[in-house]
Amino acid sequence: MTNWSVFKFGGNSLKDQKSLERAIDLVSEFGNGRLLIVVSAMGKSTNALESYLEARINKDLNLENQIWQELKDFHIEISKSLNLFDEVLRLGIEGELNRIRKLSIDSPYERLYDSVVSAGEILSSIILHAAIQTKFPNASWLDSRMVIKTNSSHKRAEINLEYTERSIHDKLINQQGVWISQGFIGASEQTKETTTLGREGSDYSAAIFAYSLKAKELTIWKDVPGLMSGDPKFFRNVQLLHEVPYDEAMEMAFFGATVIHPKTIQPLKSRNIVLHVRSFFDNKSRATQISNFNFLKPKIPCFLRKSNQTMIEVKSKDLSFVSDGQLSDIYNIFSNIGLTVNLAQHSATKGTFCISSEPRLIAIAVSKLNSYDVFLENDLVLYTIRNPNEESKIWLTRKGQPKMEQSSAKMDQALLLE
């Protein structure tokens, strides 16, 4: 282990003047020694940039110009609210927004998406860098695309861990002080083009930085007390989880615990790096610690909800058996186009799959499954209960008649139409 620490601030932690001032206070209080800060786009900037891209593709010039101006005004106003707005910051903000305006829409959609949406993290990082410099004048800025090296799969790029670790190590291992960089984005080794790691991928970026620096800890600052036994927006009487084993955290993240990106845990586990999930607004309260624990503490049922699910039923056209080889081909189709299977059941003549809904990708999958009869049902919700007990089982049965269900000693699941 080194004496590096890594912080990750999400979009809600950087959405306005008050939030940025709070981030500076947390860095001042907890950021002793060598600290790398990884940031997401500010507020709802990623959504705005996605809407900007759609307006450009649809040739809606009025909407395109409106969203572009709103993005510019938003970032400039935040800078001015902290008395940061100077010529250097003006050129940085306008330069990044002018860059996306000059992009050709003739590029493939995924490549164009990465080029446009990455602007959110760049803008966030240059503003936070200027803010941090008010307390840490020697704070440095790092373009993560210089060190996070990926393949060329746009929108869901895979990191070349060996190359990335070496790049981060060579760049930072002998550096001191506070550094600010971006989550979510990297660059292709082959083409040098900007890539992204998938929606909400900034947690994963922070974990990769922590892994590569052999950091002593990673802290993810959230607008909730920590990792809870359920999302309080959907479940009542939830509790803060104090100690969570790595494997349990991975399962929870995959099945709907949106506090953590699913890929975040594995790099930390491989180097036994502690992950703290802390309240951005109440840093004195007890946090969640994810580490090499043997048991969840407190050991209680954990309720997870994954909305926007699609059930895909794949049947042989002649009612013949669906072989293991055919099932393997079906899984490969889903995997190769980037669809995530969250639940699956197989019978002699069909396979049924619960998939996170992405209409454009599902349409591609259906076209590739043209040798089968394919049936879709959209707008479903997948409920998962980790560490179920009798009371939680009764609760799940009262949610309604499941389209799919699965049960084991460690987990109960039901796919429902709400």
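The values are calculated or read from the model by the stated rules, or taken from the named source; none is laboratory data. Keep in mind that what you see is a predicted model, and the values were worked out from it rather than measured. Note: ideal-geometry Cβ built from the backbone for every residue, glycine included; neighbour counts use all protein chains shown.
In segment 267-297, what residues are without any contact (Cβ under 8 Å) to a residue 24 or more places away in the chain and within 14 Å of GLU217 (Cα to Cα)? Scanning segment 267-297 gives LYS269, ASN272.
Identification of strands (runs of 3 or more DSSP E) wholly contained in segment 289-407 with 3 or more residues that are of a type in the set (A, V, I, L, M) yields 302-316, 341-346, 372-386.
Selection of segment 241-269 for residues being in contact with a strand residue (DSSP E or B) (Cβ under 6 Å, 6 or more places away or on another chain) and surrounded by fewer than 18 Cβ atoms within 10 Å (Cβ to Cβ) yields HIS242, GLU243.
Annotation for segment 337-344: at least one member residue is within 29 Å of the chain's Cα centre (by Cα), surrounded by 13 or more Cβ atoms within 10 Å (Cβ to Cβ), closer than 22 Å to VAL259 by Cβ and free of Cβ contacts under 8 Å to residues at least 40 places away in the same chain.
Only one of the numbered conditions (1) surrounded by 19 or more Cβ atoms within 10 Å (Cβ to Cβ); (2) touching a Ser or Thr at 6+ places or on another chain (Cβ under 8 Å); (3) not assigned by TED's automatic domain parsing to the domain that holds LYS171 is not met by TYR211, and that is (3). Looking at the structure I just gave you, is SER202 modelled with pLDDT under 95, surrounded by 14 or more Cβ atoms within 10 Å (Cβ to Cβ) and over 24 Å from ILE24 (Cα atoms)? In short, no.
SER45 falls short of the stated requirement of being at pLDDT 95 or above, more than 19 Å from ASP203 (Cα to Cα) and in the same structural domain as GLN175 (by TED's automatic domain parsing).
The requirement of being more than 19 Å from MET250 (Cβ to Cβ) and in contact with a Ser or Thr (Cβ under 9 Å, 6 or more places away or on another chain) is not satisfied by SER367.
Selection of segment 48-81 for residues being among the aliphatic types (A, V, I, L, M) and either surrounded by fewer than 16 Cβ atoms within 10 Å (Cβ to Cβ) or not assigned by TED's automatic domain parsing to the domain that holds ALA207 (or both) yields ILE57, LEU61, LEU63. The lone criterion from (1) out of contact with any strand residue (DSSP E or B) (no Cβ under 8 Å at 6 or more places or on another chain); (2) crowded, with 21+ Cβ neighbours inside 10 Å left unmet by ILE185 is number (1). Pairs please, first residue from segment 26-41 and surrounded by fewer than 24 Cβ atoms within 10 Å (Cβ to Cβ), second anywhere and among the charged types (D, E, K, R), Cβ atoms under 8 Å, 6+ apart in sequence or on different chains. Qualifying pairs under 8 Å: VAL27/LYS135; SER28/LYS135. Within segment 270-282, restricting attention to residues that are touching a strand residue (DSSP E or B) at 6+ places or on another chain (Cβ under 9 Å) and not aromatic (Phe, Trp, Tyr), the residue that is nearest to SER19 (Cα to Cα) is SER279. Here LYS214 fulfils each of the conditions (1) closer than 21 Å to LEU36 by Cα; (2) under 21 Å from the mean Cα position of the chain (by Cα) apart from (2). Return yes or no: is LEU213 touching a residue at least 24 places away in the same chain (Cβ under 8 Å) and within 21 Å of MET1 (Cβ to Cβ)? Judged against the criteria, LEU213 is a match.
Can you confirm whether segment 49-61 contains a residue that is over 16 Å from PHE280 (Cβ atoms) and hydroxyl-bearing (Ser, Thr, Tyr)?
Within segment 49-61, one or more residues are over 16 Å from PHE280 (Cβ atoms) and hydroxyl-bearing (Ser, Thr, Tyr).
Each row is one residue, and each column tells you yes or no for (1) surrounded by fewer than 16 Cβ atoms within 10 Å (Cβ to Cβ); (2) closer than 21 Å to ILE220 by Cβ.
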site: GLU110; (1), (2): no, no
site: ILE122; (1), (2): no, yes
site: SER125; (1), (2): no, yes
site: THR134; (1), (2): yes, no
site: PRO137; (1), (2): yes, no
site: ASP143; (1), (2): yes, no
site: LEU161; (1), (2): yes, yes
site: GLN175; (1), (2): yes, no
site: TRP179; (1), (2): no, yes
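Listed conditions (1) β-branched (Val, Ile, Thr); (2) surrounded by fewer than 16 Cβ atoms within 10 Å (Cβ to Cβ); (3) in contact (Cβ under 8 Å) with a residue 24 or more places away in the chain are all met by ILE362, apart from (2).
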